[in-house]
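The values are calculated or read from the model by the stated rules, or taken from the named source; none is laboratory data. Quick caveat: nothing in here was measured; it's all calculated off a predicted structure. Cβ coordinates were reconstructed from backbone atoms using ideal geometry, including for glycine residues, and neighbour counts include every protein chain displayed.
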Amino acid sequence: MTHRAPAGRPACIYAALLALIMLQSAAYPATPLEKRIKALTDKLTPELIDIRRDIHCNPELGLQETRTSGIVAGYFRKLGLEVRTGYAKTGVIGILKGGKPGPVVAMRADMDALPITEESDVPFASKVKAVVDGRETGVMHACGHDIHTTMLLGVASVLSAVKADVPGTVVFIAQPAEECCGGADMMIAEGAFKDVVPAAFFAYHVDDTLKAGRLGYASGFMSANVDGFSLEIRSTGCHGASPWSCVDPIVVGAEIVTALQVMVAREFSVHDNTVITVGSFHGGSAPNVIPPSARLEATVRNYGDGQRRVLKEKITRLVTNICEAAGAEFNLGYEFGTPSVYNDPALTARALATAERVLGSKSALVEQKPEMGGEDFSYFGKIAPAVMFNLGVVPPDREATAVHSPTFMADEAAIPIGVNLMANILLDHQAQASRTSKK
Ligand SMILES: [Zn+2]
Ligand SMILES: [Zn+2]
């Protein structure tokens, strides 16, 4: 498609834009290796698009990604990587030994899909069904993990082709069960990184707010701790017409729900990003009966290890005191879930310098606020500094559709952009890390 200047617009604007683009490419002259990576990525793109469509129309739920995992392992083997399988059931690791000395670095992708019935209009839309909790549901790559897995294969392929120029070792991680079951944690616990220990981890997540070609980032915290609790408040139960005869667990529960919100507003700074949501509150079976118990379940979101411990202490204190004041028995089960993703600021800054060069402009980089959602990439950050970038996937000609929705569709144009960029990020990181270690 050619673009013509709309009538009436002065041609000098377009001349100025062209000059700006030329200035930008002059500001970021590509090295011969960078040019090779770009050429390899371009050549590989049709194959990657086919792989992505195949994975997209054959989605698999967490810990069941046997087909996807087989594709990944087979692809890695064809590239000549050392392949290890079976971590967390379907997890795969491909190890590329570069031709130059250097440390170990890792790229991670997740492979699992969601129990959502796809409603997109593409010919490769998923028709796969599964039974979850006794109910039939569609299965869909509604979080873009098909794109993540494809880019992992793409970067492995491109870097394998320039292996002689790769410093150190690159570990490619295809992880199961990000959505449901903490596949990252399981792989680590099963010893996936015992003898090959990456000194840095990189990953993408697709971003449903940014157009393809743009890269979102947050330096520091990027996602929240996903903690929570269940609380059972117990009583003897009595007639609803004589509420003085027993402790009312519904009233006690209601007081706790309200007090938790007051606690967030009055005991935490507005900069602390604390959320407590009691999303489930069950008790009772008839209007004139005070039930013998009520049950609350809550999700608790915040950032960092210190903050989550403070929240647990405060919530425990509040629940204990309110229940004791009312004379109610209780049982509080508090759980620390997926920790928050912390993007190492130094690692982020260095990768952003590469991104600015490769994407050709600082305006392609979009600073984002941390989210209150969860992401188990955080577990890799417990091993070594890590960074996850958000890769724009909104198609140019469509409205954005949200991840985890039945109509989510990512722009395939993001795949070569992501592959080319990550190959350069990994190479730059390795080159710099091996220089630093020599000093
Ligand atoms: Zn998701
Ligand atoms: Zn996801």
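Residue-wise test of (1) hydroxyl-bearing (Ser, Thr, Tyr); (2) within 15 Å of ligand 1 (Cβ to nearest atom); (3) crowded, with 23+ Cβ neighbours inside 10 Å.
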| site | (1), (2), (3) |
| --- | --- |
| 115 | no, yes, no |
| 120 | yes, no, no |
| 125 | no, no, no |
| 131 | no, no, no |
| 137 | yes, no, no |
| 148 | no, yes, yes |
| 154 | no, no, yes |
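Identification of strands (runs of 3 or more DSSP E) wholly contained in the stretch 70-131 with 2 or more residues that are away from ligand 2 (no atom under 16 Å from the Cβ) and without any contact (Cβ under 8 Å) to a residue 60 or more places away in the chain yields 82-87. Residues in the stretch 155-163 include at least one that is in contact with a Lys or Arg (Cβ under 7 Å, 6 or more places away or on another chain) and farther than 23 Å from residue 63 by Cα. If you go through the stretch 238-253 and keep only what is outside any helix (DSSP H, G or I) and surrounded by fewer than 17 Cβ atoms within 10 Å (Cβ to Cβ), you end up with 239, 240, 241, 242. Condition first: out of contact with any Cys (no Cβ under 6 Å at 6 or more places or on another chain), within 30 Å of residue 294 (Cα to Cα) and either within 16 Å of ligand 1 (Cβ to nearest atom) or among the aromatic types (Phe, Trp, Tyr) (or both). Can you find one or more residues in the stretch 229-236 that meet it? Yes; the residues of the stretch 229-236 include at least one that is out of contact with any Cys (no Cβ under 6 Å at 6 or more places or on another chain), within 30 Å of residue 294 (Cα to Cα) and either within 16 Å of ligand 1 (Cβ to nearest atom) or among the aromatic types (Phe, Trp, Tyr) (or both).
For every residue, the table says whether it meets (1) assigned to a strand (DSSP E or B); (2) in contact with a His (Cβ under 9 Å, 6 or more places away or on another chain).
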site: 204; (1), (2): yes, yes
site: 226; (1), (2): yes, no
site: 236; (1), (2): no, no
site: 255; (1), (2): no, no
site: 262; (1), (2): no, no
site: 271; (1), (2): no, no
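The set of residues in the stretch 202-244 that are touching a Lys or Arg at 6+ places or on another chain (Cβ under 6 Å) and within 16 Å of ligand 2 (Cβ to nearest atom) comprises 203, 224.
Taken together, the criteria exclude residue 143 from residues that are at pLDDT below 95 and within 16 Å of ligand 1 (Cβ to nearest atom).
So which residues in the stretch 400-439 are out of contact with any helix residue (DSSP H, G or I) (no Cβ under 8 Å at 6 or more places or on another chain), within 25 Å of residue 223 (Cβ to Cβ) and either away from ligand 1 (no atom under 16 Å from the Cβ) or among the β-branched types (Val, Ile, Thr) (or both)? Residues satisfying the conditions are 401, 403, 407, 411.
Pairing each residue of the stretch 134-158 that is part of a strand (DSSP E or B) with any residue that is of a type outside the set (Lys, Arg) and within 15 Å of ligand 2 (Cβ to nearest atom), provided the two are 6+ apart or on different chains, yields C-beta distances under 6 Å for 137/115; 140/59; 140/113; 140/114; 140/116. Across the stretch 132-174, which residue is farthest from residue 112 (Cα to Cα) among those that are among the charged types (D, E, K, R) and more than 16 Å from ligand 2 (Cβ to nearest atom)? Checked the stretch 132-174; the qualifying residue farthest from residue 112 (Cα to Cα) is 165. In the stretch 237-266, the residues that are in contact (Cβ under 8 Å) with a residue 12 or more places away in the chain and under 11 Å from residue 328 (Cα atoms) reach residues that are among the β-branched types (Val, Ile, Thr) and in a helix (DSSP H, G or I) with C-beta atoms within less than 8 angstrom, at least six apart or across chains, in these pairs: 252/322. Of 403, 341, 393, all but one fail to be in contact with a Cys (Cβ under 8 Å, 6 or more places away or on another chain), modelled with pLDDT of 95 or more and of a type in the set (Val, Ile, Thr); the exception is 403.
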